[in-house]
Amino acid sequence: MIKIHKLEIENTKRVKAVKIEPNVNGLTIIGGPNNQGKTSILDSIAWGLGGNKYKPSQAHREGSVIPPHLHIVMSNGLIVERKGKNSDLKVIDPNGQKGGQQLLNSFVEELAIDLPKFMDATSKEKVDILLQVIGVGSQLIELEQAEKEVYNRRKYLGQTADQKKKFAEEQTFYPEAPKEPVSASELIQQQQEILARNGENQRKREQITQIQYQVTQGEANIARVTQQIQELQGQLQTLQGLQEATLKDLEIAQKSALDLHDESTEELERNIQQVDEINRKVRANLDKDKAEADAADLRAQYDKLTAELTDVRTSKSDLLKNANLPLPDLSVSEGELIYKGQKWDNMSGSDQLKVSTAIVRQLKPDCGFILLDKLEQMDLGTLEDFGKWLEQEGLQAIATRVSTGEECSILIEDGYVVGQDLTETNQEVEKPAVVEPTGIIPNKPQQWKEGEF
């Protein structure tokens, strides 16, 4: 990985003259009070390596007649300079060949010199960058879309099932009502059939009267022909036979008449009158039954989609589990970064920095450094842990902190490194002090001529 070996900055923003050799790995903390030039150093590095889009709006130090001068030496021997009236860029590789911004862009990660751009990005933008890093963006997007679609379908079915169930519970049920709606025409037809049977019974009753009349007439005939018995013996016998047969018919008819019973049509008449009310109850019962059946069917579909949703989420989890994530315990859920079970807005400031650094680091693996501003948000214990993590990862971080404590590698005061005795003279400038990784600054008297180191 390419890192910053040393840098010299002069007359840029609040910086008057600063020379720094950052720690190869871990934190190099630039400390000091506010408005002394700490952030100006980071802005100068970003300008030097990131191009003119990072040029400060007021790059030239106020009060200086000498233009800004940046000199950065990279760990691979590359030399980056900006100097002169127009602060033109000059990039020289170890072989003495010149290069330009395109050469720097090949290994300098933009977010490494502008980390707030990542930290202030939306949740979706952060996730997109992570997915770009681990190379599963398209697959995860498909799974996310499938998960969202199944979830929305399941949610709709669940809500509809609950509504159906609630509707069924609120419906009045009439246990005495028939299962199907009643037809008034069918009831009238039944009534007519009963009346027809009753009419047949009446006809049979009237037949008895006719037979009784025939019997009376027969007796009269018998009386009349008795006188003619001698002459009409044959007729008498015939008539007697007929009489006997008729008597038998009478007996049968009388017995049959005793067994005839008329059916009442009162219930049907009541039903005909109440058919609308009956049908209203039947329809209410049918609506309740249908609502319960619909609710059960929707619940079954909901359970099926729940299983499908679980499968999609398992596939998504397996995809991320098998991916080469920048940090253990880092994942993506519902379109948001998750670290140690916490979403971005619930992460501590140090965890946000660690996640950001780890993700940005993998965007361009050749870029071995990162710039961090305002680390005063970390307490000393967290700062130490973060520094150890950077060392473990082989990363170089140049950071600022409003502090004058021992955790600071160097202190900036009024645009100078404290301990570098640089005074404006017309004499040739001596070599400035090298900042040691321990933060101890050799107290060597030096002279400084504006425009030169």
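The values are calculated or read from the model by the stated rules, or taken from the named source; none is laboratory data. Everything numeric here is computed off the predicted structure, so don't read it as measured data. Using ideal geometry, Cβ is built from the backbone for each residue, glycine included, and neighbour counts are taken over all protein chains shown. Ligands, DNA and RNA are stripped out before the accessible areas are found, and what is left, the full protein with its side chains, is counted by its heavy atoms. Shrake-Rupley method; radii C 1.70, N 1.55, O 1.52, S 1.80 Å.
Would you confirm whether any residue within region 81-88 is in contact with an Asp or Glu (Cβ under 6 Å, 6 or more places away or on another chain) and at pLDDT 90 or above? Looking for residues that are in contact with an Asp or Glu (Cβ under 6 Å, 6 or more places away or on another chain) and at pLDDT 90 or above, one finds none in region 81-88, hence no.
Among the residues of region 388-415, write down those that are buried (at least 21 other Cβ atoms within 10 Å of the Cβ) and over 30 Å from Asn11 (Cα atoms).
Taking region 388-415 as the starting set, the residues that turn out to be buried (at least 21 other Cβ atoms within 10 Å of the Cβ) are 390, 395-401, 408-412, 415.
Passing the criteria: only Leu390.
For beta carbons closer than 8 Å, sequence separation of 6+ or different chains, a first residue in region 84-95 that is at positive phi and a second that is at pLDDT 85 or above and surrounded by 14 or more Cβ atoms within 10 Å (Cβ to Cβ), the qualifying pairs are Gly84/Pro67; Ser87/Lys55; Ser87/Ala59; Ser87/Pro67; Ser87/Pro68; Ser87/Leu70. Just for region 368-384: of the residues that are touching a residue at least 24 places away in the same chain (Cβ under 8 Å) and over 15 Å from Ser409 (Cα atoms), which one is most open to solvent (accessible area, probe 1.4 Å)? In this case the residue turns out to be Gln377. Only residues that are assigned to a loop (DSSP other than H, G, I, E, B) and hydrophobic (A, V, I, L, M, F, W, C) were counted in region 359-411, giving 3. Tally time: how many residues in region 257-282 are outside any loop (DSSP other than H, G, I, E, B) and either open to solvent by less than 60 Å² (accessible area, probe 1.4 Å) or at pLDDT 85 or above (or both)? Total meeting the criteria: 9. The numbered conditions (1) touching a Leu at 6+ places or on another chain (Cβ under 9 Å); (2) open to solvent by 90 Å² or more (accessible area, probe 1.4 Å); (3) acidic (Asp, Glu); (4) part of a helix (DSSP H, G or I) are all true for Glu142 except (1). Looking only at residues of region 299-346 that are under 20 Å from Lys148 (Cβ atoms), of a type in the set (A, V, I, L, M) and without any contact (Cβ under 8 Å) to a residue 12 or more places away in the chain, we find that the one that is surrounded by the fewest Cβ atoms within 10 Å (Cβ to Cβ) is Ala307. Of all residues in region 59-77, at least one satisfies being free of Cβ contacts under 8 Å to residues at least 12 places away in the same chain, within 15 Å of Glu10 (Cα to Cα) and more than 36 Å from the chain's Cα centre (by Cα). Count of region 22-73 residues, restricted to those that are part of a loop (DSSP other than H, G, I, E, B), of a type outside the set (A, V, I, L, M, F, W, C), open to solvent by 50 Å² or more (accessible area, probe 1.4 Å) and farther than 20 Å from Gly100 by Cβ, is 8.
Table: residues versus (1) open to solvent by 90 Å² or more (accessible area, probe 1.4 Å); (2) within 30 Å of Leu247 (Cβ to Cβ).
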| residue | (1), (2) |
| --- | --- |
| Val182 | no, no |
| Ile188 | no, no |
| Gln192 | yes, no |
| Arg197 | yes, yes |
| Gln202 | no, yes |
| Arg205 | no, yes |
| Ile208 | no, yes |
| Ile211 | no, yes |
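If the condition is being farther than 21 Å from Trp344 by Cα and open to solvent by less than 10 Å² (accessible area, probe 1.4 Å), then region 355-367 contributes only Cys367. Has region 27-38 got at least one residue that is without any contact (Cβ under 8 Å) to a residue 40 or more places away in the chain, within 48 Å of the chain's Cα centre (by Cα) and within 17 Å of Ile412 (Cβ to Cβ)? Yes, region 27-38 contains a residue that is without any contact (Cβ under 8 Å) to a residue 40 or more places away in the chain, within 48 Å of the chain's Cα centre (by Cα) and within 17 Å of Ile412 (Cβ to Cβ). Scanning region 156-180 for residues that are among the small types (Gly, Ala, Ser) and over 29 Å from the mean Cα position of the chain (by Cα), we see that the one that is least open to solvent (accessible area, probe 1.4 Å) is Ala168.
The number of residues in region 102-138 that are surrounded by 15 or more Cβ atoms within 10 Å (Cβ to Cβ), touching a residue at least 24 places away in the same chain (Cβ under 8 Å) and part of a helix (DSSP H, G or I) comes to 17. Each residue in region 74-99 was checked for being charged (D, E, K, R) and open to solvent by less than 70 Å² (accessible area, probe 1.4 Å), and 3 pass. Scanning region 235-256 for residues that are at pLDDT below 70 and open to solvent by 90 Å² or more (accessible area, probe 1.4 Å), which turns out farthest from Ile208 (Cα to Cα)? Within region 235-256, the match that is farthest from Ile208 (Cα to Cα) is Gln235. Only one of the numbered conditions (1) open to solvent by 40 Å² or more (accessible area, probe 1.4 Å); (2) in contact with a His (Cβ under 8 Å, 6 or more places away or on another chain) is not met by Leu7, and that is (1).
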